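Asker: Okay, handing you the structure first.
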Amino acid sequence: MYDVIVIGGGPAGMAAACAAHAGGLKNILIVERDVELGGILNQCIHNGFGLRYFGEELTGPEYASRFIDRVKEAGIQVMLDTMVLDLGTDEDDGNGKPLKTVTVVGRETGFRKLKARSVILAMGCRERTRGAINTPGMRPAGILTAGAAQRYVNVDGYMPGKRVVILGSGDIGLIMARRMTLEGAKVLACVEVMPYCGGLARNVVQCLNDFNIPLYLSHTVTDIKGKDRVQQVVVSKVDDKMKPIPGTEMYFDCDTLLLSVGLIPENELSLKAGIKVDQKSNGTVVHENMETSVEGFFACGNVAHVHDLVDNVTREAELAGRSAAEYVLTNYYTMWVNQQLMKSGTYRYNRKKGEIQHFLPPSPDGAAFKMGENEFICTSCPRGCHLKVYPDQNYRVTGNGCPKGRIYGRNEMTTPSRVVTTTVRLRRKADAVLNLDGENASPATDSTLYDFRVPAKTSGPIPKTRIMELMELVDKIELDERPAIGDVIVKDVLGLGVDLRVTKR
């Protein structure tokens with residue numbers, strides 16, 4: 001019997017479990033289907049995480065490792081490599097409240113039916129695929145979601161292609177445009193059907209503008225050509241009703257099409273438990289304390305609604321963890337929200353007013369990123385302030401919302417630089433090696449090596465003009481032993497006074 005079972009070991013699940021523990025619960029279990037905690041953060045080796053929560057810029061693995069340490073320090077139990085099959089309710093717990101049941105299966109766990117006084121749903125979300133957007137054309141190899149490509153490159157060490165077109169301007173797509181470029185691929189275009197970019201302004205600057213990757217707004221893919229592998233993608237301009245305009249076709253010869261066309265909350269388990277799910281967003285409908293329509297079940301993170309920042313996921317998850325602890329310790333059912341349930345799953349929790357409010361993301365047009373010679377989008381934080389720098393006035397900066405913006409504007413005008421995140425090869429012996437046809441594993445020999453990837457980043461920014469020179473150096477590095485987090489791989493990279501350090505265990 002557990003006080004609370006948290007489904008999902010990503011940033012939401014770990015933050016909720018830690019908050020529940022801080023709220024007084026001791027018997028807590030996290031169930032995670034992957035072989036390690038961290039969720040999607042493990043493959044997000046880029047920086048930009050933690051600015052709001054930790055007050056410093058971290059990579060995804062660094063952000064995850066801080067919560068992994070908290071989970072261990074709190075003594076929270078973890079089931080890894082374990083899949084949840086079903087949710088439900090069972091007999092009364094003796095206080096008039098039904099127990100919750102969680103059916104799981106795993107290689108080490110086996111098939112088990114667990115019981116808990118409360119459950120926190122933190123399953124995250126999945127990417128929309130080609131079938132969800134009905135893209136016309138052939139069905140060759142080389143069409144994958146941006147997240148799948150991210151895992152191939154950053155975790156498994158595989159390059160999905162060499163000439164790439166990206167459909168959608170979500171943050172994952174923008175980040176993969178930069179990542180594929182750094183790994184030697186040619187990103188031909190980023191195509192967005194809306195008249196504005198769907199990602200953060202800082203990602204447009206750092207991922208597209210830095211590498212001269214064109215962004216086509218109000219365009220979409222209207223045809224895919226190729227038999228065994230993608231050979232060509234046709235892109236057309238769309239009108240105000242999202243219909244392709246004949247005669248505006250552009251042809252891109254490529255071998256890969258990456259899709260960054262939105263995320264869908266993973267709520268199949270929620271539906272099995274009878275939890276109300278918003279039909280438009282597929283997110284769980286929650287009350288101000290993050291409790292769902294079924295008593296004792298709480299939801300947080302991207303399973304409730306898709307967030308733009310992991311820092312916001314963490315804050316929301318901590319609220320869910322505290323609410324679950326209060327529910328278990330008092331065994332008192334928190335009252336329903338007095339106001340009408342949201343008609344859309346797009347909302348934010350206003351902690352000052354203590355209520356859930358509708359949230360509509362801003363809709364800037366494409367001109368927002370067409371800046372003058374002395375104008376920049378600040379990437380010091382997700383706000384993306386529009387800066388203007390005056391060289392003739394001792395580099396005076398206007399438009400910044402904080403002192404960091406002033407420093408960024410001056411540096412961008414004089415010596416633009418970036419922190420570089422990448423991966424380094426780790427050559428390790430494997431227990432078995434799959435044949436090329438994917439069948440029948442054969443025993444490994446002493447000479448058999450398998451290519452793993454270790455995330456790393458520079459300890460400080462380096463000039464933009466030398467980023468590709470750094471990537472050429474990184475491509476030649478092969479580690480023989482797995483390093484520890486913080487270990488220096490290359491000291492004084494390119495004589496620039498910064499080190500290349502490991503960012504994940």
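Coordinate-derived values only; no laboratory data. Just so it is clear, the structure is predicted and the values come from calculations on it, not from any experiment. Virtual Cβ from ideal backbone geometry, glycine too; neighbours counted across all protein chains shown.
Asker: What number, in percent, do you get for the relative contact order of the chain if the mean sequence gap of Cα pairs under 8 Å and at least 6 apart is divided by its residue count?
Answerer: With pairs under 8 Å counted, the relative contact order is 14 percent.
Asker: Need one word for segment 268-320: rounded, prolate or oblate. Basis is the Cα gyration tensor (sqrt eigenvalues a ≥ b ≥ c); a/c below 1.5 gives rounded, then a/b vs b/c decides.
Answerer: Oblate is the answer for segment 268-320, as a/c is 1.5 or above yet b/c matches or exceeds a/b.
Asker: Looking at segment 129-261, send over the antiparallel percent of its DSSP beta bridges, to the nearest 5.
Answerer: Antiparallel: roughly 40 percent of the beta bridges in segment 129-261.
Asker: Could you work out the relative contact order of segment 73-187, using alpha carbon pairs under 8 angstrom and six or more residues apart, expressed as a whole percent?
Answerer: Reported relative contact order: 14 percent.
Asker: Counting only helical runs of four or more DSSP H residues, what would the 222 nm mean residue ellipticity of the chain come to if each run contributes -39,500 (n - 2.57) and the total is spread over all its residues?
Answerer: -5500 deg cm²/dmol
Asker: Only sites in a loop by DSSP and with at most 15 other Cβ atoms within 10 Å count here; which GluC sites (Glu not before Pro) in segment 220-299 make the cut?
Answerer: Answer in residue order: E249, E295.
Asker: Going by amide H atoms built from the backbone, whose H comes under 5 Å of the H on A189, apart from near neighbours?
Answerer: Here the answer is I166, since their amide H atoms fall under 5 Å of that of A189.
Asker: On to the next question. Under the rule of at least 5 residues apart or a separate chain, name every residue whose amide H is placed under 5 Å from the amide H of T256.
Answerer: R163, V165
Asker: So, one more: Taking the Cα centre of the chain as origin and charging only Cβ (+1 Lys, Arg; -1 Asp, Glu), how large is the dipole, in debye to the nearest 20?
Answerer: Rounded to the nearest 20 debye, it is 780 debye.
Asker: Skipping prolines and chain starts, which residues have an amide H placed within reach, meaning under 5 Å, of the one on Q77, given they are 5 or more residues away or on another chain?
Answerer: The list, which skips near neighbours in sequence, is I28, I30.
Asker: What number results when the radius of gyration of the chain, computed over Cα atoms, is divided by 2.2 N^0.38 Å?
Answerer: Rounded to two decimals, the normalised Rg is 1.02.
Asker: On to the next question. How much length is gained if the chain between A74 and K115 is pulled fully straight, taking 0.36 nm per residue apart and subtracting their Cα-Cα distance, in nm to one decimal?
Answerer: Answer, rounded to one decimal: 12.7 nm.
Asker: I'd like the distance separating the alpha-carbon centroids of segment 104-145 and segment 30-56, in whole Å.
Answerer: Taking the Cα centre of each part, segment 104-145 and segment 30-56 sit 18 Å apart.
Asker: Starting from the Cα of E108, move 7 Å in the Cα-to-Cβ direction to define the label point; list residues of segment 462-505 whose amide nitrogen is under 18 Å from there.
Answerer: Only 505 pass the distance filter.
Asker: Loop-only chymotrypsin sites (Phe, Trp or Tyr not before Pro) in segment 70-162, please: DSSP not H, G, I, E or B, and at most 14 other Cβ atoms within 10 Å.
Answerer: Those that pass, being in a loop and sparsely packed, are Y158.
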